[in-house]
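For reference, the structure is listed below as structure tokens.
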Amino acid sequence: MFEKLNLLIPFGNYIRNKSFQNFLFLAVIQSSNVLISIISMPLLIQSIGVDQFGLVNLALSVIILLNILVGFGYNLSAPREIAINQGDKEALSHVVSNVFSGKILLAVTATFLILVGAFGFNLFQEYRMILVFSVLLLFSEATLPLWFFQGMEKMKLVSIANIFSKLLFLMGIVLFIHSPEQSKWVNFLMGFFGLGINLLLLAYIHSFLGIQFYRPEFSAIWKSLKDNSLLFFSNLASHISISGGLIVLSFFAGAETLGMYSLAERVIMVLRLFPPFIFQAIIPNASRLYAEDLPAFFKFMKRVYKKVLVVGFFISAGAHFAAPFIVQVLSRSALEESVLYLKILALVPFLACLNVANVTMMMAADLRQLLFKASWLMCAFMIILSPILTAYFGPIGLCIAIISTEIMVFLICLGLLYRHNRTLFHGFYS
């Protein structure tokens, strides 16, 4: 009996560990986002049709791209500032006020860019109103306090709130979206419920945690923007490379083709979340081992890398062979083009797993400049190759460009590590 208690006590301590809880609740948030995305796809395709579904996703791609501007690296830098000042309410209040003010100003700027582009330069004509109604998502991103709860190591509330907002969005689709003419309300509902829940979280931060909201300090906001610029451009380059395919395709294909492709792309982007999620899970331990025990670091990395590659292989193989079934379930019809695109793109999750070790080693060794170079070389490759292949081969050409980009970024990171830090390169790959 006492032996059993001895086993239970360490396990209980492990569960109460704040780092583990952060990891667990981040997993809950990510899983709920994936699940709601999968559930919403067949509902939307049946309600608004494949062509409008493609336009809704195209507008969402533009918004997500601009959300990189709204985030501006705060989601990476702000948790650290919050963690450092956990016990100082006055300092926390200034950090929170400045971060939210900065993000809201960036959301206003992004909204202005959309309105000028849509009505001043006649851009986004086919999905103009869908995009304009989607701007609420920018303010949902600006007011999302996930970074605050990460820094405070209190993720339970924000994870529950995230699930609740996604369930409200799902309910909104069922209740209000019934025809192609209502497609402009899809992203609006997502932004509306997200913003509403975020405002309630801000009220909780103020009323129950004692955080004050001060007037923005523009000098502090400007300094934070300069400090975060490298993170912003790295995130922007990575996002364009990974998720910019649908925007490229919009210049060469109609709404129906966009819908067929976006169905396959969304499935793959969900599966591609596996490598970044593994990176987030292992980077704290990897960083500690790198600083304290280099041989143990390499041993840990090799052990994790082998497992990641095996899981990545099965994810890609499963997506390839189950493509007809996946498309049938999500669209309630046999969309042969979507099946073809999904089978080709199924290689992406495995290829993305190849680079997990390189990126983890760069971050553990604080080689941010190398990561910045790799991100922009990857982006340049994608921007040059994807329009050429898409122009000649359509969506299949775009699929090939995306696969080629995943391979290229692995080779780029490999080359940068070999050139700038051979200790890491030989320690891991020898």
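The values are calculated or read from the model by the stated rules, or taken from the named source; none is laboratory data. Predicted, not measured: the structure shown is a model, and the values here were computed from it. In this analysis, Cβ positions are derived from the backbone assuming ideal geometry, glycine residues included, and neighbour counts consider all displayed protein chains. Side chains included, ligands, DNA and RNA excluded: accessible areas come from the protein's heavy atoms. Shrake-Rupley method; radii C 1.70, N 1.55, O 1.52, S 1.80 Å.
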Listed by first then second residue, the pairs whose first member lies in region 369-395 and is more than 20 Å from N228 (Cα to Cα), whose partner is open to solvent by 30 Å² or more (accessible area, probe 1.4 Å) and of a type outside the set (A, V, I, L, M, F, W, C), with beta carbons under 8 Å and at least 6 positions apart or on separate chains, are M378/S238; F381/S404; L385/S404; G394/T257; P395/T257; P395/E337
Within region 250-265, take every residue that is open to solvent by less than 10 Å² (accessible area, probe 1.4 Å) and not aromatic (F, W, Y) and give me the one that is farthest from S331 (Cα to Cα). L258
So is L309 in a helix (DSSP H, G or I) and in contact (Cβ under 8 Å) with a residue 60 or more places away in the chain or not? no
Test F213 against the stated conditions and say whether it is assigned to a loop (DSSP other than H, G, I, E, B) and either hydrophobic (A, V, I, L, M, F, W, C) or out of contact with any helix residue (DSSP H, G or I) (no Cβ under 8 Å at 6 or more places or on another chain) (or both). yes
Test: residue in region 70-81 that is without any contact (Cβ under 8 Å) to a residue 40 or more places away in the chain and either open to solvent by less than 10 Å² (accessible area, probe 1.4 Å) or at negative phi (or both): no
Hey, could you check region 82-92 for residues that are surrounded by fewer than 19 Cβ atoms within 10 Å (Cβ to Cβ) and either of a type in the set (G, A, S) or in contact with a helix residue (DSSP H, G or I) (Cβ under 6 Å, 6 or more places away or on another chain) (or both) and say which is farthest from L123 (Cα to Cα)? G87
Looking at V359, is it touching a Pro at 6+ places or on another chain (Cβ under 9 Å) and in contact (Cβ under 8 Å) with a residue 60 or more places away in the chain? yes
Which of the residues spanning region 105-119 are surrounded by fewer than 17 Cβ atoms within 10 Å (Cβ to Cβ), free of Cβ contacts under 8 Å to residues at least 40 places away in the same chain and either farther than 29 Å from S77 by Cα or not aromatic (F, W, Y) (or both)? V108, L115, V116, G117, F119
Mind listing whichever residues of region 277-298 are at pLDDT 80 or above and part of a helix (DSSP H, G or I)? L289, Y290, A291, E292, L294, P295, A296, F297, F298
From the options G49, G87, residue that is out of contact with any Phe, Trp or Tyr (no Cβ under 7 Å at 6 or more places or on another chain) and part of a loop (DSSP other than H, G, I, E, B): G87
Going by the structure shown, is S229 part of a helix (DSSP H, G or I), in contact (Cβ under 8 Å) with a residue 40 or more places away in the chain, out of contact with any strand residue (DSSP E or B) (no Cβ under 9 Å at 6 or more places or on another chain) and surrounded by fewer than 14 Cβ atoms within 10 Å (Cβ to Cβ)? yes
Residue check for I403: closer than 22 Å to P324 by Cα and surrounded by fewer than 19 Cβ atoms within 10 Å (Cβ to Cβ): yes
I'm checking my understanding of the structure. Among residues of region 152-174 that are touching a residue at least 12 places away in the same chain (Cβ under 8 Å) and of a type outside the set (A, V, I, L, M, F, W, C), which one is farthest from K89 (Cα to Cα)? G172
Hey, among the residues in region 120-178 that are open to solvent by less than 30 Å² (accessible area, probe 1.4 Å) and part of a loop (DSSP other than H, G, I, E, B), which one's farthest from I45 (Cα to Cα)? M155
Residue pairs meeting the criteria (Cβ under 8 Å; at least 6 apart or on separate chains; first closer than 14 Å to L66 by Cβ, in region 241-254; second open to solvent by less than 30 Å² (accessible area, probe 1.4 Å)): S243/S61; G244/S61; G244/M382; G244/S386; I247/L58; I247/S61; I247/V62
Of I282, I247, I278, I268, which residue is β-branched (V, I, T), open to solvent by 30 Å² or more (accessible area, probe 1.4 Å) and under 20 Å from N355 (Cβ atoms)? I278
Looking at region 175-198, I want the residues that are among the β-branched types (V, I, T) and have a partner that is open to solvent by 50 Å² or more (accessible area, probe 1.4 Å) with Cβ atoms under 7 Å, at least 6 apart or on another chain. Which pairs are those? I177/W185; I197/F164
Could you list, in sequence order, the residues of region 251-264 that are in a helix (DSSP H, G or I) and touching a helix residue (DSSP H, G or I) at 6+ places or on another chain (Cβ under 6 Å)? A255, E256, L258, G259, M260, Y261, S262, L263, A264
Within region 31-50, restricting to residues that are open to solvent by 60 Å² or more (accessible area, probe 1.4 Å) and not hydrophobic (A, V, I, L, M, F, W, C), the one that is modelled with the lowest pLDDT is S31
Output yes when any residue across region 182-191 is crowded, with 21+ Cβ neighbours inside 10 Å and outside any helix (DSSP H, G or I), and no when none is. yes
